[in-house]
Amino acid sequence: MTISEFVRQKRKEYKLTQRDLADRAGVGIRFVRELEAGKPTLRMDKVNIVLDLFGHQLGPIPGTREE
């Protein structure tokens, strides 16, 4: 699951509009729209502010590395 899918799913689970989420997190509605759309370049501090509302935060994830 991507971050954008996670945020959209949690927002709907909590019955929040994008505007509600933006207001609660203290970020702009445009940021929430871009986050849910999967924009590849977003400020991590703002993403963490949104994720914190759902009890989560960004962190390193082990991956496979092809050499």
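When all alpha-carbon pairs of the chain are counted, what percent fall beyond 15 Å?
Summing the P(r) tail past 15 Å for the chain gives 50 percent.
How large is the accessible surface of residue 58 in square angstrom, using a 1.4 angstrom probe and rounding to the nearest 10?
In the full protein context, residue 58 sits at about 50 Å².
Given 0.36 nm per residue, what is the gain on full extension from residue 33 to residue 66 after removing their alpha carbon distance, in nm?
Additional length available on full extension: 8.6 nm.
Once the piece of chain linking residue 56 and residue 13 is laid out straight, how much longer is it, given 0.36 nm per residue of separation minus the C-alpha distance between them?
Extending this stretch completely gives an extra 14.0 nm.
Which angle between 0 and 90 degrees, to the nearest 10, do you get for helix 3-13 versus the longest principal axis of the chain when only C-alpha atoms count?
It is inclined by approximately 30 degrees.
The values are calculated or read from the model by the stated rules, or taken from the named source; none is laboratory data. All figures in this text were calculated on a predicted structure; none of them were measured in a lab. Accessible surface areas use protein heavy atoms only, side chains included; no ligands, DNA or RNA. Shrake-Rupley method; radii C 1.70, N 1.55, O 1.52, S 1.80 Å.
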